[in-house]
Protein chains: 2
Amino acid sequence: MSSYGMSFAHRKSRWMEGQGPSQDVVISSRIRLARNLKDYPFPPMMTEDKAREVLNLGCEISEALNHEGSAEYSWYPLGKLDSMERQVLIEKHLISPQLLRSAAISGVIISRDEAVSIMVNEEDHFRIQCLFSGMDLEAAWNLADRLDSDIAGHVTYAFDDEFGYLTTCPTNLGTGLRGSVMTHLPGLVLTEQLSRIVSGLSKVGAVVRGLYGEGSQAEGSLYQISNHVTLGHSESEIVDNLNSIVSEVVRRERSAREALLNRNRVKLEDRVYRAYGILTNARSIAASEAIELLSLVRLGVVLGILTHIPIAVFPELIVGTRRASIQQKAGAHLDSDQRDLQRANLIRKRLLAE
Amino acid sequence: MSSYGMSFAHRKSRWMEGQGPSQDVVISSRIRLARNLKDYPFPPMMTEDKAREVLNLGCEISEALNHEGSAEYSWYPLGKLDSMERQVLIEKHLISPQLLRSAAISGVIISRDEAVSIMVNEEDHFRIQCLFSGMDLEAAWNLADRLDSDIAGHVTYAFDDEFGYLTTCPTNLGTGLRGSVMTHLPGLVLTEQLSRIVSGLSKVGAVVRGLYGEGSQAEGSLYQISNHVTLGHSESEIVDNLNSIVSEVVRRERSAREALLNRNRVKLEDRVYRAYGILTNARSIAASEAIELLSLVRLGVVLGILTHIPIAVFPELIVGTRRASIQQKAGAHLDSDQRDLQRANLIRKRLLAE
């Protein structure tokens, strides 16, 4: 069910390149625009017929985005994807778990490099998402803005002169813009500064969440930092504000790492090397243990403790060893024990290949 | 203070060759004979003058054992060894901790291959010990018996026609013989059969102790099995009895290992490989953790899970990474953190050298 003849688990999203500005701390940057159609009720209030009309619009927009017959964008009605493929899309951050709730009447447009995914009939009619590697909200915003204009050429958005873009949930009202930056903060976790910083961030309009967004647990010291407010500021102001908030977090994470090295370099090296030793030798490993150890190894790589592993390995392994991705890669349904075995093999071979 | 120009920590005892009969389970076999002199009070009741006379006898016997001017045996008055060297001798099982209690008036004769150590003025005037690699009580007994006769040519033992050899502690009365076999029982530990087997052994006249004898904790699944009774049986009977007791333990350990493999081979392989991964990567490791991980790696080697590591590595590392040996090898006094670092380096380099 893929246009490219291979399942999503075998492809690497652009954000998974793992390189980019501030790559020592920042994994990826995402801009999301929430948009609704003027002449349709918001998704929670839509009849199934209306929802199908919006779904058809999604398919049309996908084709329209392919200028001059290019095949850059593909349209995936969720009903045509099996449950494993849907799950892989979630693991790759291309769709939200919420999109599955109404799988029969939802769909997603995905670009070839997977930097763009436009969800149709999630909480809003359209959710335009641009996801880049490293600290690059600017690039993500520019692309999202361009796509937004392109789509506006085909449909009429629900827009109010006073409130701006109208959205299902009032927290998205106005710009409908949410920027999210995925950060790797092992230094702040190990020096026990994180909870203080998280509560500080909430006071400057930012929200901190775990790897898979709202309600998900923080694993592997990976934290998503997003803007809270979407109303009363221009898009550029929101992006600039989030940029400076994240820059400050990056600065603090770097000094936490410095402090760890200065306080007890051997202890830190020991933790990094033990994590590497387990990952390159274990024959069975649970997802939760794997991500914690990968986090330590990534820290070791950016600090120059481990020198032979490219940083791009981490997003690849963090996504690639999750429940659905690992099964799709294996081409089989695996029980929990089999997944742990497969995960250990995958990580071991990938790390030893370097 | 060594006849061979290097400290004890740099030399390998014969028992540390690590090979021999039933080497998959048995590390080493020891025979110890307790002997006292007819015309001297037992050590606890001796004056210092008398103790010094016995000490001089020890020195004379050492020379007498060197037939035709060979330099096979050396004499070490404990007062001439520094505290680190004394500790290394304990770690190598060449002397007992008890010998240090009266260091000024005690000594030890040690053979060049360290298969023989004869303690003078420990609990008894003489304690003849022969220590061999693998399951070889027979060889140890034959050598101890020969040395016993040689020494009897120079001194008169305290011997009673009814009781046999007289000893300070009544539990050694009769033959004065104690056989001890150091076994590696990870299978029985992991399958939780050990405590049942230990209590069974006590009913057939055997005692089970940890790595460093009486009162020491069992570490790394290493257990010393010894005969309890020394009176009322001939030496051969005692040796034969201990031999068959240990053979039965070996049989049970082997079936426990089989059971572990059959029950969940991946789980066992995973444990072995993780231990190997940590030992070949850690930058700091405590003695207690090191011995537990070495135990798992040794199990992996004898089960053919790890194929490139010679079994002789284990006694070398188990002794060589202990507190005093590690400092004597480093040629410096090290604090606890420094020892952990040195220990990790030593193990890592040794295992990676194979």
Legend entry - Whichever residue in the stretch B:300-331 is away from chain A (no Cβ under 14 Å) and small (Gly, Ala, Ser) and, among such residues, is nearest to B:Pro97 (Cα to Cα): B:Ala324
Inset, instruction - List the number of the failed condition for A:Leu296; all other conditions in (1) farther than 18 Å from A:Gly220 by Cα; (2) modelled with pLDDT of 95 or more hold. - result: (1)
Legend entry - Within the stretch B:81-91, considering residues that are over 20 Å from B:Val116 (Cα atoms) and of a type outside the set (Gly, Ala, Ser), the one surrounded by the fewest Cβ atoms within 10 Å (Cβ to Cβ): B:Asp82
Legend entry - Answer from B:Ile109, B:Ile151, B:Ile128 - the residue that is crowded, with 23+ Cβ neighbours inside 10 Å, among the β-branched types (Val, Ile, Thr), farther than 30 Å from B:His333 by Cα and in contact with a helix residue (DSSP H, G or I) (Cβ under 9 Å, 6 or more places away or on another chain): B:Ile128
Inset, instruction - Kindly provide the set of residues from the stretch A:131-159 that are within 18 Å of the chain's Cα centre (by Cα) and within 22 Å of A:Pro170 (Cα to Cα), ordered by number. - result: A:Trp141, A:Ala144
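Can you pull out the residues in the stretch A:181-194 that are in a strand (DSSP E or B) and hydroxyl-bearing (Ser, Thr, Tyr)? Lay out the reasoning, then the answer.
First, pick out the residues of the stretch A:181-194 that are in a strand (DSSP E or B): A:181-184.
A:Thr183, the sole residue that qualifies.
Tell me which helices (runs of 4 or more DSSP H) are completely within the stretch B:305-354 and hold 1 or more residues being buried (at least 19 other Cβ atoms within 10 Å of the Cβ) and modelled with pLDDT under 95, or say none if there are none.
Details: elements: B:313-320, B:323-330, B:336-352.
Helices (runs of 4 or more DSSP H) meeting the threshold: B:313-320, B:323-330.
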Inset, instruction - Output the qualifying pairs, or none if there are none: Cβ atoms under 7 angstrom, residues six or more apart or on different chains, first residue in the stretch A:332-351 and within 11 Å of chain B (Cβ to nearest Cβ), second residue among the charged types (D, E, K, R). - result: A:Leu341/A:Arg283; A:Ala344/A:Arg283
Legend entry - Selection within the stretch A:256-298 - over 20 Å from B:Ala286 (Cα atoms) and among the hydroxyl-bearing types (Ser, Thr, Tyr): A:Thr280, A:Ser284, A:Ser288, A:Ser295
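Could we say that A:Val26 is in contact (Cβ under 8 Å) with a residue 60 or more places away in the chain and more than 25 Å from A:Thr171 (Cβ to Cβ) here?
Working: in contact (Cβ under 8 Å) with a residue 60 or more places away in the chain: yes; more than 25 Å from A:Thr171 (Cβ to Cβ): no.
No: the conditions fail for A:Val26.
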Inset, instruction - Output yes when any residue across the stretch B:250-271 is in contact with a Phe, Trp or Tyr (Cβ under 8 Å, 6 or more places away or on another chain), part of a helix (DSSP H, G or I) and of a type outside the set (Phe, Trp, Tyr), and no when none is. - result: no
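Condition check ((1) acidic (Asp, Glu); (2) at negative phi; (3) touching an Asp or Glu at 6+ places or on another chain (Cβ under 9 Å)) across all residues:
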{"residue": "B:Met119", "(1), (2), (3)": "no, yes, no"}
{"residue": "B:Gly134", "(1), (2), (3)": "no, no, yes"}
{"residue": "B:Gly174", "(1), (2), (3)": "no, no, no"}
{"residue": "B:Val189", "(1), (2), (3)": "no, yes, no"}
{"residue": "B:Ser202", "(1), (2), (3)": "no, yes, no"}
{"residue": "B:Arg209", "(1), (2), (3)": "no, yes, no"}
{"residue": "B:Ser221", "(1), (2), (3)": "no, no, yes"}
Legend entry - Search result, residues across the stretch A:301-331 that are free of Cβ contacts under 8 Å to residues at least 24 places away in the same chain and within 16 Å of A:Glu17 (Cα to Cα): A:Val301
Inset, instruction - Give the stretch A:151-180 a look and list any residue that's part of a strand (DSSP E or B) and not basic (Lys, Arg), or say none. - result: A:Tyr157, A:Phe159, A:Asp160, A:Gly164, A:Tyr165, A:Gly174, A:Leu177, A:Gly179, A:Ser180
Inset, instruction - Could you please find all residues in the stretch B:277-299 being assigned to a helix (DSSP H, G or I), within 14 Å of chain A (Cβ to nearest Cβ) and crowded, with 21+ Cβ neighbours inside 10 Å? - result: B:Gly277, B:Ile278, B:Leu279, B:Ala290, B:Leu293, B:Leu296, B:Val297
Legend entry - Sole exception among (1) touching a residue at least 60 places away in the same chain (Cβ under 8 Å); (2) surrounded by fewer than 16 Cβ atoms within 10 Å (Cβ to Cβ); (3) over 23 Å from B:Val208 (Cα atoms) for B:Leu57, by number: (2)
Legend entry - Sole exception among (1) in a helix (DSSP H, G or I); (2) surrounded by 18 or more Cβ atoms within 10 Å (Cβ to Cβ) for B:Arg30, by number: (1)
Legend entry - Odd one out for B:Gly232 among (1) touching a residue at least 60 places away in the same chain (Cβ under 8 Å); (2) over 19 Å from B:Ile27 (Cβ atoms): (1)
Inset, instruction - Could you grab me the full set of residues in the stretch A:29-45 that are touching a residue at least 12 places away in the same chain (Cβ under 8 Å) and either within 16 Å of A:Thr168 (Cβ to Cβ) or in contact with a Pro (Cβ under 7 Å, 6 or more places away or on another chain) (or both)? - result: A:Arg32, A:Leu33, A:Ala34, A:Arg35, A:Asn36, A:Leu37, A:Lys38, A:Asp39, A:Tyr40, A:Phe42, A:Pro43, A:Pro44
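The values are calculated or read from the model by the stated rules, or taken from the named source; none is laboratory data. Remember, predicted model here, so these are calculated numbers, not experimental data. Quick reminder, even Gly has a Cβ in these numbers, built from the backbone with ideal geometry, and neighbours come from all protein chains shown.
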